[in-house]
Amino acid sequence: MLPSMASRPMPAPLDEFGWIASLRSLTGGDNRALDLADDAAVLPARPGFDLVISKDAMVEGVHFPVGERADVIARRLLRTSLSDLAAKAAEPFGYFLLTAWPPDRGEGDRAAFRAGLEADGREFGLVLLGGDTVATPGPLVVSATVLGWTAEGRAVPRRGARAGDALIICGPIGDGWLGLQAAQGKLADPGEILAARYRLPTPLLALRDALVKYANAAADVSDGLIADAGHVAKASGLGFSLELADMPLSPEVRAWCDSQDRSRALTALAAGGDDYALVCAVDPDLGAGFLAAVESAHIPAARAGTFEVAAGMRIAVDGRPVAPTTTGWSHS
């Protein structure tokens, strides 16, 4: 079970400027934020580095359950956004925030949301640089724009895979999909282990050095492993093959899988999404070194396929071809 976040008193009255004032300490005194007193932030150029920027949004009832705790929403927002920086091998440093508060989310929710931002800002080295807040008739909408640095020219692209590259998965697959079902009460989850992994995924920022050294391409697994492997392949002008039996699985997901039809279960896990693992393209001669580097960070990893010249996807379970009815989440 997730611990409740301590709330701090909010300035009164609870209006736009009171909310902004309550966030001011989250800047950590960083001069780039201009004390949240301006309508912009100023980011000085950093010689020898590239600025990596990614934006994500979440809508209540779509990206998190209706009535979800506000501190969890804030932390999930930052963590899922940071997963995009992890895939680029970027070192995060700041973010811009948008909140659209409906009338059923009052002062306590805003205080809890702020506490969640503070907790994960401290954990991941993020400072608030600015943003906007508005009112809405509903539902709750939140968005973060996260920023990070990479050495100049060293950001890991999505379109860099080469024919013959190993398709390597970093991080377990299926925890997010099963965790959502557990959070919705549709799946038994002793200790709420899977639900906690869905609510608070861990961005794989610890793999930054390994990605820079070994990966030709990478993407985070948010839409679903099959879909996101396909995104890397398509961006690189390639196809791919994927053996689902080789996916890294947590003990809890493996136990669930063992109780199901194996082929159907593995296919569902590979299309489920919300894992925030990484799918990477690595020169096959460097695959062993990359796997060792990932596992030294205590992150499970496995080679599960190959990027190929032939377009399209070739999915198998234990060597037998399967035809998934869905490859992952669609935003359309």
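The values are calculated or read from the model by the stated rules, or taken from the named source; none is laboratory data. Note that the structure is predicted; figures quoted are calculated from it, not measured. Note: ideal-geometry Cβ built from the backbone for every residue, glycine included; neighbour counts use all protein chains shown. For accessibility, only protein heavy atoms count, side chains too; no ligands or nucleic acids. Shrake-Rupley method; radii C 1.70, N 1.55, O 1.52, S 1.80 Å.
Some observations on this one:
- Across all C-alpha atoms in region 82-197, the radius of gyration and Dmax reach 18.2, 55 Å.
- Percent of beta bridges antiparallel (DSSP, the chain, rounded to nearest 5): 75 percent
- Of interest is the spacing of the C-alpha centroids, which for region 85-139 and region 211-285 amounts to 29 Å.
- Once divided by 2.2 N^0.38 Å, the Cα radius of gyration of region 73-117 becomes 1.37.
- Rg to Rh, two decimals, where region 39-133 supplies the alpha carbon set and Rh follows Kirkwood: 0.99
- The fraction of Cα-Cα pairs per 10 angstrom bin, counted from 0 for region 229-332, comes to 13, 44, 36, 7 percent, rounded to whole percents.
- With every protein chain in place, the chain: carbon and sulfur % of accessible area (1.4 Å): 54 percent
- At q = 0.18, 0.22, 0.30, 0.32 Å⁻¹ the log10 of I(q)/I(0) for region 109-155 amounts to -0.74, -0.96, -1.28, -1.31, computed by Debye summation with a single uniform scatterer per C-alpha, solvent ignored.
- With the gyration tensor restricted to C-alpha atoms of region 144-215, the semi-axes of the equivalent ellipsoid amount to 32, 16, 10 Å, longest first.
- Taking every alpha-carbon pair within region 160-269, the share separated by more than 17 Å comes to 58 percent.
- Of the Cα atoms belonging to region 285-330, the radius of gyration and Dmax stand at 14.2, 36 Å.
- Fluctuation leader among PHE96, PHE49, PHE290 - the chain, Gaussian network, Cα springs under 10 angstrom: PHE49
- According to the Kirkwood relation over distinct C-alpha pairs, the hydrodynamic radius of region 266-308 is 11.9 Å.
- Between THR136, THR99, THR267, the GNM of the chain built on Cα springs shorter than 10 angstrom shows THR136 fluctuating the most.
- Computed over protein heavy atoms with a 1.4 Å probe, the accessible surface of the chain works out to 44 Å² per residue.
- Trypsin sites (Lys or Arg not before Pro) within region 169-210, DSSP loop, no more than 16 other Cβ atoms inside 10 Å: LYS186
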